[in-house]
Amino acid sequence: MFHAVRREHFVPERAWCIPDTVGGVPFAMDREADPERWLEAVYSDSAIITQVDDGDGDPTGGTGRPSSSLSAPAVAVEFLELLAPEPGERVLEIGTGTGWTAGALAHRTGAGTVTSIEVDSVVAAQAAANLTAAGFVPEVDVRLVVGDGAAGDAEHAPYDRVHVACGVTAVPHAWIEQTRPGGVIVLPWMPEHGDGRQVRLVVQADGQTAHGRFGGLASYMMLRGQRTRMPDLEPDDSDRWVGRSRTRTDPRALVWDGSGQDLMVTAVMPDVIIGKRLDMRDGTFRLELATVDGTSQAVVESRWGGASARVLQLGDRSLWDEAEAARARWLDAGRPDVACYGITVDAGGQRLWLDEP
Ligand SMILES: C[S@@+](CC[C@H](N)C(=O)[O-])C[C@H]1O[C@@H](n2cnc3c(N)ncnc32)[C@H](O)[C@@H]1O
């Protein structure tokens, strides 16, 4: 596949290279200024950022929020192996990006079997040009669609496989409905709290439900429409903090006890973003929790060596109480690891489970 679908056809003259290796230092790629370094970067295990700020910024400056890229080969190949499409199978891809993985899929499954959806029309047009340069005929070998991949492609369903190349917090049910029973969907699942994970969902006989388990770490740029950020928090001296108390639970334990606990917290409070800050001057640790819409918030602050931590809460929900309850549930369950969890998606939304769906 690496030989048949050569990466150099999918990389612009100028881009930003982020080596996917420990200690790798990002750098600007410029084919004209330094063709050798450009080519070396193309064939290294690096993610290559091709767009920032949805096209409003300069990707070669190393600033701005990456919004499109050529995924690092090792990461992309792991997902393609998890998807394991067979020749002749019909594949839907969400997030065309440069078109490289769409080309790789078409190389595997054959002409006319792959549909790839890209939300950004400029990115999609470049992907068509890249695929052409790599020897594919767009619309014959690969169908490229400009649109919101969250809706999938009902018109050409059912698909055997769905390859999602952008981060997803809530799996759209449309993807389940558009995949045949027994079909497979792979995606980088990126919860509001904790690490992103590879997920491989298998659609059940009813065609409406899919179950899957969590795999290795995954970090992708988010599906547009599911991007969130920590809401602005109320200042500590605000009188909107109606709940003021103290806790003997160390707030550090909520974020430093591993991914198994993170998944329990996500299962119990999926719409809550959790941030942490350690003040290096005096060792004060501050945990911040907020619902995505900002209506409920909590701040927990522990001083170095203190026996208890200060808790501030506001809104309909007492987020710190919920977080403590989630931790207690994880401890009661015997500190389950990531491998014990799974996820089910059906018409009612998505749920996490322990051991069995
Ligand atoms: C990591 S890149 C994809 C990498 C690509 N598979 C490749 O090989 O180059 C993610 C892409 O998903 C696209 N994207 C984000 N949200 C989307 C959405 N709602 N529908 C379709 N594409 C989306 C982004 O514009 C971006 O181009």
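The values are calculated or read from the model by the stated rules, or taken from the named source; none is laboratory data. On a predicted model such as this, the values are computed, not experimentally measured, just so you know. Virtual Cβ from ideal backbone geometry, glycine too; neighbours counted across all protein chains shown. Each accessible area value is taken on the protein alone, full model and side chains, heavy atoms only, with ligands, DNA and RNA left out. Shrake-Rupley method; radii C 1.70, N 1.55, O 1.52, S 1.80 Å.
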Completion exercise
From the option list ASP206, ASP271, single residue qualifying as touching a residue at least 24 places away in the same chain (Cβ under 8 Å), in the same structural domain as LEU92 (by TED's automatic domain parsing) and of a type in the set (Asp, Glu) is ASP206
Fill in the blank from the handout: In region 84-111, anything in a loop (DSSP other than H, G, I, E, B) and either at negative phi or within 13 Å of the ligand (Cβ to nearest atom) (or both) is listed as PRO85, GLU86, PRO87, GLU89, ARG90, GLY95, THR96, GLY97, THR98, GLY99, ALA111
Completion exercise
Listed by range, strands (runs of 3 or more DSSP E) wholly within region 18-83 having at least 1 residues that are surrounded by fewer than 19 Cβ atoms within 10 Å (Cβ to Cβ) and touching a strand residue (DSSP E or B) at 6+ places or on another chain (Cβ under 7 Å) are 27-30, 66-70
Practice task
Would you point out the residue of region 201-248, among those that are more than 16 Å from the ligand (Cβ to nearest atom) and of a type in the set (S, T, N, Q), that is farthest from ASP321 (Cα to Cα)?
Solution key: GLN204
Practice task
Could you list all residues from region 163-194 that are of a type in the set (Val, Ile, Thr) and open to solvent by less than 10 Å² (accessible area, probe 1.4 Å)?
Solution key: VAL164, VAL168, ILE176, THR179, VAL184, ILE185, VAL186
Problem - Residues of region 285-295 that turn out to be in a loop (DSSP other than H, G, I, E, B) and either touching a helix residue (DSSP H, G or I) at 6+ places or on another chain (Cβ under 6 Å) or of a type in the set (Ser, Thr, Tyr) (or both), as a count - result: 1
Fill in the blank from the handout: Expected output for region 145-167 (first residue farther than 19 Å from VAL202 by Cα, partner open to solvent by 60 Å² or more (accessible area, probe 1.4 Å) and among the polar types (S, T, N, Q), Cβ below 8 Å, 6+ apart or cross-chain) is VAL146/SER121
Exercise for the section: Please work out which residue is most open to solvent (accessible area, probe 1.4 Å), limiting yourself to region 285-325 and to residues that are under 21 Å from THR228 (Cβ atoms), charged (D, E, K, R) and under 28 Å from the mean Cα position of the chain (by Cα). Expected result: ASP293
Exercise for the section: Evaluate region 112-132: report whether one residue or more is within 8 Å of the ligand (Cβ to nearest atom), in the same structural domain as ASP160 (by TED's automatic domain parsing) and surrounded by fewer than 21 Cβ atoms within 10 Å (Cβ to Cβ). Expected result: yes
